[in-house]
Structure formats: C-alpha cells, structure tokens
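Trainee: One structure, pasted below without further comment.
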Amino acid sequence: MELLKELNNNGAFKLGQFVLKSGQNSSFYIDLRTLISSPDVLAKAAQALCDIIASKNLDFDYIVGVPYAAMPLATLVCNILKKPMLLKRKEAKSYGTKKLIEGSYEPGKKTLIIEDVVTTGSSIIETIEALRNEGLVCDQVLCVIDREQGGVHKLAAKEIQLHSITSMSAILDFLIQIDFITPQKKAQILEELRAPVAANGNRAICWSLENRKLLLSKNPLNKHIIEIMMSKQTNLCVAADLTKTSEIIELVQKIHSFICALKLHIDIIEDFSWDFITSLQTLAQEHKFVLFEDRKFADIGKTMELQLNKGIYKISSWANMVTVHSVAGDATISTFREVVENQNTAMEGCLLIAELSTEGALTRDFYPKETVEFAKKYPNFVGGFICQKRCHDDPSFLYWTPGVNQEQRGDGAGQQWRSIQQAVTQDKNDIIIVGRAITSAQDVKAEAERYATAGWSSLISRSD
Ligand code: 5BU
C-alpha cells in the first residue's frame, strides 16, 4: 500500500488512450520508468522485493534482472542481501567472449530472476532460457507488478514460479479507494486487457504519434524524431542532393521550419569542410531537425565501423542517423550498437533499407520481410525502415519513404515517384523523403511548405 501510494505520487499510473506493446488499446497505463527517476521509490520497491524473499524463504545463489528496466532493482536487491549478480545481455557481444551472461557463476547453482512488470512473461522466459542454457537452475521470478495477463500460467508451463509485490487488480482497487477511478472504470480496464492479442496484428493498433511516442523509451532516435514531428507538425524530410555547401546552407535557411530531417549524400559535395558541418549542426539545433546521412552501408561490420567513424567525413561524429542495407546480414547491423552507445558520436540510430524506390530493384519477395526480422533484433537503435509500403505492423518503428513527387512519375533514370496521398494514405508510410520536387522548384520555400502541409494532413488523418 505504501509503495502504491509512492508510485501513484510519482505519476506511475496514467489514465488516457494508450497502445500497449502487445498492440492492445488501453485506457490505463503503468509507467514504471518513474522508478529509476525516484531513488526513494526505487529503494522501497527493492526492500519490498527483499521482504518477499524473506517471507517465502526463497533460496538462491545469484540474482539476475531482466534487461533493461529491472536491472537497477536487481542491483539494489543484491546490495541489500549481499548476493552476487549476473547480467544477461540482450544480444551476445559481437567481440571478445561473445557471452550472453556476464559475471562469475557455477553451473548447477540457483538464480533468482527480478522483473519490474510482468505482462505475458515472454521476456522472462527468454532470460531464463539463456540462463538455463548455461546450466544454471532457474525457477523463481520476483516482480513488482503482475499485470495478470497470463504471465503466471505461461511461466508455470515452463516450471517457473512467479511471486509479485502487487497486481493489476490490487492497483485498480487501490485507485478506487483513493477516488482516482470508479469501480466501472476498473471493469472497463480489465475488459480491455482481456481482449486477445492477435498474432497477425489484425487488431486495431493505434498509430497516432502520441501513442507511438510511449512505445519509444528505448529508442532515442525515434523519440527525438517524433518529438520534432509533433512540435513542428511535419513529416517531411528533404533530400538536399546539392553539390556545393553554400547551396545546401541556403536551402536549409529557406526550408528549416518545414522539415523534421535533412537528408544528405555527403560524398557528392565538392567543397566539403568542417565549417559546413558546424553550420549545419547549428541550424539543426536551432530549428530542430535531425541530420540524416543516406550512406547506405553494406559491408562487413568492421568496414562499416571504419566507414562510420573514419575517413574524411567521420560520419558518426555529426550524422544523427544513417541508412543501412540489410543485405550483409544482421550480425553486421549490430556494429551500430556500439557507435550509437558511444557518447562521443552524434549517432542516435539507423534505418534499414527494406525496399528501394527504383524500377527493377531486387528488394522484393522475401527481402523486406527478412529485413524486418533483423530490425526486430535491435529495437534500441534501428529506428525503422526505408520502404515503399509500410513493411511491418509495429508502431514503434517509423516508416520512411522516398519516391515522392506531386507532379511527375519518374526521372528517366529508374526513380519512381508517386503522390503524397499514395505514399502516406495508401502505402501507410510516416515520413516522406522529397528531393528534386522541392530543391528544383522556382520557389523552394513555398514548395517545402506545400509538401509539409500535405504530408502532415495525410498523416494525421490516417486512422491506421
Ligand atoms: P528525389 O529527388 O525525391 O527523387 O530524391 C530522393 C532521394 O532519396 C535521393 O537522395 C535518393 O538517393 C534517396 N533514395 C531514393 O530515392 N530511393 C531509395 O530507395 C533510397 C533512397 Br534507399
């Protein structure tokens, strides 16, 4: 009760219209990110977990927090109980030991798993399977909140016992007691959560930017872009395919209010200089847009790393995002994690090219689908896709599309253009990438405004 009060005071329980990770619509949202921002509440939650360990007499040798949200909690519990911790990586390291589990352990010993919120239990099962593969014994899980959405049964089927401090119904009862919700509201929330989650994504996923932002706490690139899109009301990315730095700066000075991203091909610029990069960065900072280098990386991981960090352009030092071909396989994509996580780079993430806009492109058949599978493995730094039609049903990704021109249909050199209405309303992309239609216009500023207005109105009037 004390902990529920604290969580509530810290804004952990929210009423509104939300889309959950499962795709379910819900009028209630539990935001436990507030835990790490409030040291007192975090400490209280850790103590409550220790109390359960004592009252249930749980016996174990190590503690593992399910990555990432539960790791701080697990650390505090280890500290209180003076027990050693193990770390489970989300993906195996691409270098050195390639281990999934970090820390010293002996096979056959017992591990207690700690989680913040349990929904269906799938991330716990993934963690436990990795630990069991290392020969560790793992059959007890301790969580702060059981959302009562089948987690207990799913875990029991794998011989795992779930213990929780509190549950969805206990939280809703507490919120009724403090007059935050009515009993009718509780019934409605439980009903919403009972709605089945369709594996094929047929359910009505809410695609509004407002809701999508909630899914993005772990993806800095998309969080940044959605914030810009919402505050500037634009889904326009201009492709500045000009060859002189002065032309690009002049272009940006005219169009900055209408764009969420500026896309460059740095290797077509004839008079590249670091002053140019500094000017672009200042403009991007002042007028809120991201710098997007459309480098289309496609090589072994080590070479991509060099191409990102070295050479004349040192792309990762200034570009917030880049494009990557999936053709070289998903292991090479993991290269980007270290670049994105390095504090000294500007990189926030990358887009995978699922489908090119050109006539006869080989990015068809199995290709977009396999590209999506790669992206799903790296949700923290793959922001989404370059595609022609929205290639996946997950609203936490953004779908960027080139090949947009309101007047013309092709450039005679393979490029295929279609209208904004086709690209956003029919093909369900989020961000339009427009080059020559704007850069070659008589009145560049007016044209950028026209594309931004039409793009945004198509996006916000789309229901899915
Ligand atoms: P356009 O002038 O609107 O055709 O410019 C489109 C830009 O998008 C240009 O910079 C291309 O390099 C880029 N592009 C594309 O057109 N098609 C693709 O499939 C990919 C990138 Br990926």
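Trainee: Taking every DSSP beta bridge with both residues inside region 214-461, roughly what % is antiparallel (nearest 5)?
Mentor: On the way: 2 of 30 bridges.
Antiparallel bridges: around 5 percent, rounded to the nearest 5.
Trainee: Return a whole-number percent for the relative contact order of the chain, with Cα pairs under 8 Å and 6 or more residues apart as the contact set. List each step's numbers first, then the result.
Mentor: Values: 830 pairs, mean separation 51.3, N = 464.
Relative contact order for the chain comes out at 11 percent.
Trainee: If the limit is 28 Å between Cα atoms, which of Lys288/Lys428; Lys254/Lys389; Lys254/Lys369; Lys44/Lys82; Lys314/Lys428 go over it? Don't jump to the answer; show the numbers that get you there.
Mentor: Details: Lys288/Lys428 25 Å; Lys254/Lys389 30 Å; Lys254/Lys369 38 Å; Lys44/Lys82 17 Å; Lys314/Lys428 34 Å.
Listed pairs above 28 Å: Lys254/Lys389; Lys254/Lys369; Lys314/Lys428.
Trainee: Still on this model: Whole-Å semi-axes of the chain's equivalent ellipsoid, largest first, each the root of 5 times a Cα gyration tensor eigenvalue? Walk me through the numbers before you get to the answer.
Mentor: Working: eigenvalues 376, 135, 81 Å².
They are 43, 26, 20 Å, listed largest first.
Trainee: Need the full-extension length gain, Gln253 to Phe272, defined as separation in residues times 0.36 nm minus the C-alpha distance. One decimal, nm.
Mentor: Working: separation 19, 0.36 × 19 = 6.84 nm, distance 1.82 nm.
My answer for the length gained is 5.0 nm.
Trainee: Taking the DSSP beta bridges in the chain as the whole, what percent of them are antiparallel, to the nearest 5? Show your work: numbers first, answer last.
Mentor: Details: 9 of 56 bridges.
The antiparallel proportion sits near 15 percent.
Trainee: Here is a follow-up. How large is Rg/Rh for region 2-205, to two decimals, with Cα atoms and a Kirkwood Rh? Walk me through the numbers before you get to the answer.
Mentor: On the way: Rg = 17.5 Å, Rh = 17.9 Å.
In region 2-205, Rg relative to Rh is 0.98.
Trainee: Which three lengths, in whole Å and largest first, does region 152-302 cover when its Cα atoms are put on their principal axes?
Mentor: 65, 42, 30
Trainee: Now a separate question. Which aspartates and glutamates have a Cα lying under 20 Å from the Cα of Lys83, excluding residues fewer than 8 positions away in the same chain?
Mentor: Output for Lys83: Asp51, Asp59, Asp61, Glu102, Glu106, Glu115, Asp116, Glu134, Asp139.
Trainee: At a Förster distance of 41 Å, what's the computed FRET efficiency of Ala331 paired with Asp179, Cβ-Cβ distance as r, to 0.05?
Mentor: Numbers: r = 54 Å, r/R0 = 1.31.
That pair, Ala331 with Asp179, gives E of 0.15.
Trainee: Cα-based Rg (one decimal) and Dmax (whole number) for region 298-443, in Å?
Mentor: Rg and Dmax of region 298-443, Cα atoms, are 15.9, 45 Å.
Trainee: Same structure, new question: What is the calculated FRET efficiency for Arg33 to Asp411, with r their C-beta to C-beta distance and R₀ = 45 Å, to the nearest 0.05? Kindly include the intermediate steps, with their values, before the conclusion.
Mentor: Working: r = 46 Å, r/R0 = 1.02.
Once rounded, the FRET efficiency stands at 0.45.
Trainee: What are the radius of gyration and Dmax of region 33-125, computed over its Cα atoms and given in Å?
Mentor: 13.7, 42
Trainee: Shifting gears a bit: In Å and whole numbers, how far do the C-alpha atoms of region 214-461 stretch along each principal axis, longest first?
Mentor: The Cα atoms of region 214-461 stretch 45, 42, 39 Å along their principal axes.
Trainee: For a protection proxy built on the mean count of beta-carbon atoms within 10 angstrom, sort 267-280, 149-162 highest first, please. Let's see the in-between values first.
Mentor: Values: 267-280: 13.5, 149-162: 15.9.
The most tightly packed comes first, giving 149-162, 267-280.
Each reported figure results from applying straightforward, stated rules to the coordinates on display, with no laboratory input. Owing to the predicted nature of the structure, the values given are computational and were not obtained by experimental measurement. Ideal geometry is used to build each Cβ from the backbone, glycine not excepted, and the neighbour counts take in all protein chains shown.
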